[in-house]
1. Could you tell me whether A:I199 is at negative phi and open to solvent by less than 10 Å² (accessible area, probe 1.4 Å)?
2. Can you name every residue in the range A:123-155 that is outside any loop (DSSP other than H, G, I, E, B) and over 20 Å from A:V290 (Cα atoms)?
3. Restricting the search to the range A:389-399, which residues are more than 15 Å from A:R271 (Cα to Cα) and away from the ligand (no atom under 12 Å from the Cβ)?
4. Scan A:R475, A:R522 and give me the residue that is modelled with pLDDT of 95 or more, away from the ligand (no atom under 14 Å from the Cβ), basic (K, R) and touching a Lys or Arg at 6+ places or on another chain (Cβ under 8 Å).
5. Out of A:F273, A:F328, A:F360, A:F378, I need the residue that is open to solvent by 10 Å² or more (accessible area, probe 1.4 Å) and not hydroxyl-bearing (S, T, Y). Which one?
6. State all residues of the range A:103-144 that are facing another protein chain (nearest Cβ under 7 Å), open to solvent by less than 10 Å² (accessible area, probe 1.4 Å) and not hydroxyl-bearing (S, T, Y); if no residue qualifies, say none.
7. Just checking, does the range A:94-108 include any residue being in the same structural domain as A:A194 (by TED's automatic domain parsing), among the acidic types (D, E) and in a loop (DSSP other than H, G, I, E, B)?
8. Would you check if A:P500 is over 14 Å from A:A19 (Cα atoms) and away from the ligand (no atom under 12 Å from the Cβ)?
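The values are calculated or read from the model by the stated rules, or taken from the named source; none is laboratory data. Since the structure is predicted, the reported quantities are computational estimates derived from the model, not experimental observations. When we count neighbours, we look across all protein chains shown, and the Cβ atoms used for this are built from the backbone with ideal geometry, even at glycine. For accessibility, only protein heavy atoms count, side chains too; no ligands or nucleic acids. Shrake-Rupley method; radii C 1.70, N 1.55, O 1.52, S 1.80 Å.
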Amino acid sequence: MTSTERTDVLVVGSGFGGAIAAYHLAAGGARVVVLERGPWLGAQDFEHDFKLGSSYTRAFDFVVGDGMSVLGGNCVGGGSVVYFAAMPRAPRFVFERHGTIGRRMWPASVSRDTLDPWYDRVAESIPVTTQDWNDVTYAGGLWAAACDHSGRTANPVPVAIDNAKCVNCNWMMAGCRFDAKRSLLTNYLPAALAHGAQIRPLHEVQRIERNHDGSYRVHYDLIDEEDYRIRYDGGAIDAKIIVLAAGAGATPVILQRSEATLGAMPHAVGRYFSGNGERLNTAVLNEDRVRDVLGLSRGDGLAYAANQIGKGPTVANWDRLDGSLPEFTRYSLEQLYFPPGLGTILAQVADAAPGESTWFGVKKKEMLRRWQSWLIIFQMIEDANEGVFGPPPAKGNADRVSQQMLGVGRLKYDPAETTLRAWAMADAEVKEILERDGLATVTAWTNEVIGAYTVHPLSSCRIGDDPATSALDDRNELRGHPGIFVTDGSAVPGALTVNPAMTIAALAERAIPGIVRAAQDRGVDVTYGAPAPDGGTSGRRGVADLLPSLTRR
Amino acid sequence: MPPRAPADDNPRTTTLEAFADTIVPGEKRYPGDLAVAGAAEGAGAVQAGAIELLEWNATGVTEGLDDYARLLGDHARDYAAEHGLTLDDSLPPFVALTFEHRTALVRRLTAPDHPEKAFWVLLALFSNMAYDSAAHTSTAEAIAAGHPGLLAMGIARPGDDGLWRFPAHSYGRPLARLHPDTTPSGSPA
Ligand SMILES: Cc1cc2nc3c(=O)[nH]c(=O)nc-3n(C[C@H](O)[C@H](O)[C@H](O)COP(=O)(O)OP(=O)(O)OC[C@H]3O[C@@H](n4cnc5c(N)ncnc54)[C@H](O)[C@@H]3O)c2cc1C
């Protein structure tokens with residue numbers, strides 16, 4: 001009889017939630033194994049190439065659901081490898097939201113004030129820095145100028161990018177060739193490795209079972225490195241503590257599949273999914289009007305025509321992030337870039353005649369011809385946590401269609417009236433800003449082709465004080481399953497009105513002291529208190545006062 | 001114009017071409033081209049490599065192409081009957097439809113309430129990708145070879161090492177007032 005491998009802490013997924021946990025627990029002395037379903041790629045592997053099979057499709061995941069498609073990372077480093085690295089903190093009012101449950105969604109212990117020290121820790125660790133107008137790309141500058149022209153403000157967003165290394169190639173979604181993006185491959189993960197954590201790529205976790213001694217056994221398959229539809233026999237690992245961080249599109253699916261061997265799951269597992277209220281608009285700019293009305297010039301005869309140039313989002317309008325406004329009417333409007341392929345198919349023409357399609361055909365082709373004059377605006381509204389996961393597929397979180405990237409999952413999302421109204425408000429505002437004085441023609445992406453879509457899956461296994469509507473307690477432990485923690489985007493209770501990674505990371509940092517305490521209680525020789533991955537200690541000092549409440553027994 | 005290869009007469013191929021041409025229409029490849037309707041100027045998805053992409057099993061649709069072509073034929077026949085159209089029976093049914101009728105049928109197949117919607121959206125997605133991202137070839141090579149979609153979209157050429165860099169990227173001056181409540185971290189309050 002062969003004995004099952006054992007470790008202290010098993011981490012599922014290597015995105016923000018996984019990498020942060022792996023680092024702190026390994027640095028504190030625990031034996032840590034990280035299982036990641038995707039490949040382990042580095043800067044040299046990141047290609048500027050749309051060919052199927054290049055890093056763009058290897059590292060990326062696109063799961064089509066019923067009314068909601070989810071885009072994410074599929075590699076060591078998770079979403080941080082393919083993301084746009086905009087890292088704002090969530091505004092204060094977000095933590096006071098009630099959503100649909102008639103009471104505060106966030107635990108009483110979490111507010112902007114109590115999370116700020118954890119945000120500081122993340123900012124030091126990654127690091128996250130502010131940008132100035134010289135860092136702002138043409139697209140961001142154009143958005144700022146249009147906001148200004150309509151009497152609004154606009155802000156360069158804080159980012160996890162080393163702008164000195166950035167070449168503005170706009171290939172962020174394929175992974176950063178120049179290591180300018182401060183993905184988790186540049187901070188938490190190498191630090192975790194240095195402390196002995198093991199990261200195993202192409203290991204996809206399927207389910208968890210409880211052992212008689214209260215530890216857990218995690219079952220995984222091995223995934224082919226080129227064709228992810230092909231899987232091989234894997235194995236199992238026993239661990240005293242499980243940290244689930246497979247992302248909000250996958251974590252609840254693993255738990256659903258484990259119900260037979262773990263026992264009943266809290267009601268909120270696989271419910272209350274939020275797409276962070278995302279929706280995209282495409283503006284096609286009139287170059288002459290950009291020059292004449294906004295006075296913009298690139299200095300080479302062009303006013304804009306710079307859709308291809310940049311580094312994702314650099315400027316956001318935050319005028320509607322006003323806590324005095326009613327819930328479901330607050331949102332941010334952020335300039336964005338989305339590459340061809342996924343970034344064009346859903347864009348609609350403004351002038352489709354009866355009998356013509358808005359998203360394919362002759363006029364759409366004409367719109368594509370103007371591609372360099374596109375400006376994409378990203379809305380993040382407060383949705384109503386409408387998403388619910390159906391019964392899990394046989395393996396993973398989707399039935400894979402293509403060799404990489406594309407699969408069909410079980411998420412169902414039927415947008416509430418409040419969500420539809422907020423999208424309509426935001427659509428109207430973007431139009432108001434960008435169609436003023438003939439600057440552009442603006443249309444929303446269609447929701448009729450694949451439903452809504454999100455790169456910001458959240459809340460499918462959320463924290464809260466109310467056991468009926470939250471799967472995790474306020475320290476991220478799965479209700480009824482001691483020793484299982486969830487630290488990824490699924491823990492965030494609801495839409496944030498801004499990009500979520502900073503908040504996901506801060507919540508993960510905040511969960512660590514409690515996980516360390518639980519590990520100690522299970523006999524693991526581990527302590528809390530590692531510095532930032534580069535050795536910085538100011539963030540650690542900042543959270544010292546908060547530790548007692550997070551480690552109470 | 002290149003001579004027509006006999007393989008192009010394969011009804012499966014011409015049916016799929018006609019579908020791709022409905023998504024991103026192009027000009028006819030040669031006089032008498034039937035699959036490409038000629039609804040738009042310049043090359044469309046077919047010339048951009050739609051069939052090459054669909055025939056590559058990395059997409060996950062390759063094994064289903066027989067079904068796609070057969071079902072599209074069935075739907076075209078039903079559509080024609082419904083609209084009292086007589087189809088040239090020497091052609092695959094979908095190819096026999098005019099561009100306007102092909103468009104109407106594809107809109108119906110991809111509409112929110114159609115039971116096969118997901119199946120057809122997938123074919124539309126890959127047809128579009130052949131044109132706007134040349135997903136069947138390396139992007140730098142596609143541009144060097146004059147890929148019609150990437151060129152029409154004005155995608156800049158990469159540097160000699162196949163990588164893109166844009167040293168000029170910013171207007172380099174303040175262009176708006178900042179939100180008054182911005183915190184020192186650069187975030188909303
Ligand atoms: C194109 C794009 C741009 C984005 N831009 C921004 C931005 O600018 N700012 C921002 O704040 N956010 C952005 N995001 C969102 C951000 O990337 C996510 O919010 C963040 O990565 C979520 O972190 P996480 O820990 O929840 O999960 P992830 O980072 O998604 O990590 C989960 C990991 O688990 C792995 N996994 C899944 N299932 C299994 C399994 N069964 N077994 C083992 N491993 C598994 C996945 O492969 C993945 O690596 C963007 C996302 C995308 C896709």
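1. Criteria not met by A:I199.
2. A:A123, A:E124, A:S125, A:T129
3. Answer for the range A:389-399, where residues must be more than 15 Å from A:R271 (Cα to Cα) and away from the ligand (no atom under 12 Å from the Cβ): A:A394, A:D399.
4. The match here is A:R522.
5. Of A:F273, A:F328, A:F360, A:F378, the one residue that is open to solvent by 10 Å² or more (accessible area, probe 1.4 Å) and not hydroxyl-bearing (S, T, Y) is A:F328.
6. Once the filter is applied, which keeps residues that are facing another protein chain (nearest Cβ under 7 Å), open to solvent by less than 10 Å² (accessible area, probe 1.4 Å) and not hydroxyl-bearing (S, T, Y), the range A:103-144 yields A:V136, A:G141, A:A144.
7. No, the range A:94-108 has no match at all.
8. When the stated conditions are applied, A:P500 does not pass them.
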